[in-house]
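The block underneath contains the structure these notes are about, expressed in structure tokens.
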Amino acid sequence: MYEDKRPCKLISMLRIGIGYDSHRFSPQRTMWLGGVRIESEQGLAGHSDADAALHALTDAILGAIGAGDIGELFPDTDPRWHGQASSLFVERAVELASEKGFGVINCDLTIITERPTLGPYKAEIRKNIARLVGISDDRVGVKAKTNEGLGWIGRGEGLAVIAAVLLEGKNQLKKTPGPKGKRSR
Ligand SMILES: [Zn+2]
């Protein structure tokens, strides 16, 4: 059996989170993904700007710190969030994580849609997400893939995004010194 001899405090410094979001396509809406305006015949239906990438990312961060989900923090019944840029949700989630002593190490997103083609936007989305969560571009992954024509995504009814994030506790080692006489290596 694998025996993990690392002090627990090292493990407790890391938090992983996953987020998922989907939105239906809607004509007469502007499409936003990762805070970037996407040229498309149709946008995404939703109460806010319906940026599914930033919603999934927000949920991943909230999940990592056990702070509920985007629907609890920003209910779509609240007129304050109507038409709101979803960057605000990410910024609030990062703020909550920071209040709990955590900062983002990296994040990784997969956008699943048949159209539009997102290749030309991936670099800009990465850059924008990196700025929002306060890390460098090379710590942000943005992938785009189709659903091979399968199901509701395949029929072009909407799109989905999966986001994963890793958070790191700040200064927690200083608060919890290791066993007596042993120095952490
Ligand atoms: Zn959403």
In segment 21-31, the residues that are more than 11 Å from the ligand (Cβ to nearest atom) and part of a strand (DSSP E or B): PHE25, SER26, MET31
Filter pass, ILE16 being part of a strand (DSSP E or B), of a type in the set (Val, Ile, Thr) and either modelled with pLDDT of 95 or more or within 13 Å of the ligand (Cβ to nearest atom) (or both): yes
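Answer yes or no as to whether GLU41 is surrounded by fewer than 16 Cβ atoms within 10 Å (Cβ to Cβ), away from the ligand (no atom under 13 Å from the Cβ) and in a helix (DSSP H, G or I). Steps first, answer last, please.
Working: surrounded by fewer than 16 Cβ atoms within 10 Å (Cβ to Cβ): yes; away from the ligand (no atom under 13 Å from the Cβ): yes; in a helix (DSSP H, G or I): no.
Here the answer is no, as GLU41 does not meet what is asked.
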Every residue from segment 55-73 that is of a type in the set (A, V, I, L, M) and more than 8 Å from the ligand (Cβ to nearest atom): LEU57, ALA60, ILE61, LEU62, ALA64, ILE65, ALA67, LEU73
Extreme residue, farthest from the ligand (Cβ to nearest atom), among residues of segment 109-123 that are surrounded by 17 or more Cβ atoms within 10 Å (Cβ to Cβ) and assigned to a helix (DSSP H, G or I): LYS122
Whichever residue in segment 47-83 is buried (at least 16 other Cβ atoms within 10 Å of the Cβ) and of a type in the set (S, T, N, Q) and, among such residues, is farthest from VAL161 (Cα to Cα): SER48
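A quick yes/no check of all residues on (1) of a type in the set (A, V, I, L, M); (2) assigned to a loop (DSSP other than H, G, I, E, B); (3) within 19 Å of ILE18 (Cα to Cα):
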| position | (1), (2), (3) |
| --- | --- |
| GLY46 | no, yes, no |
| ALA50 | yes, yes, yes |
| ALA56 | yes, no, yes |
| ALA60 | yes, no, yes |
| GLY68 | no, yes, yes |
| ALA85 | yes, yes, no |
| GLU95 | no, no, yes |
| GLY103 | no, no, yes |
| CYS107 | no, no, yes |
Cβ-Cβ under 8 Å pairs, at least 6 apart or on other chains, segment 99-114 side closer than 22 Å to ALA144 by Cα, far side of a type in the set (S, T, N, Q) and assigned to a loop (DSSP other than H, G, I, E, B): ILE112/THR146; ILE112/ASN147; THR113/THR146; THR113/ASN147; GLU114/THR146; GLU114/ASN147
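The values are calculated or read from the model by the stated rules, or taken from the named source; none is laboratory data. Since the model is a prediction, treat every value here as computed from it, not as a measurement. Every residue, glycine among them, receives a Cβ derived from its backbone with ideal geometry; neighbour counts consider all protein chains shown.
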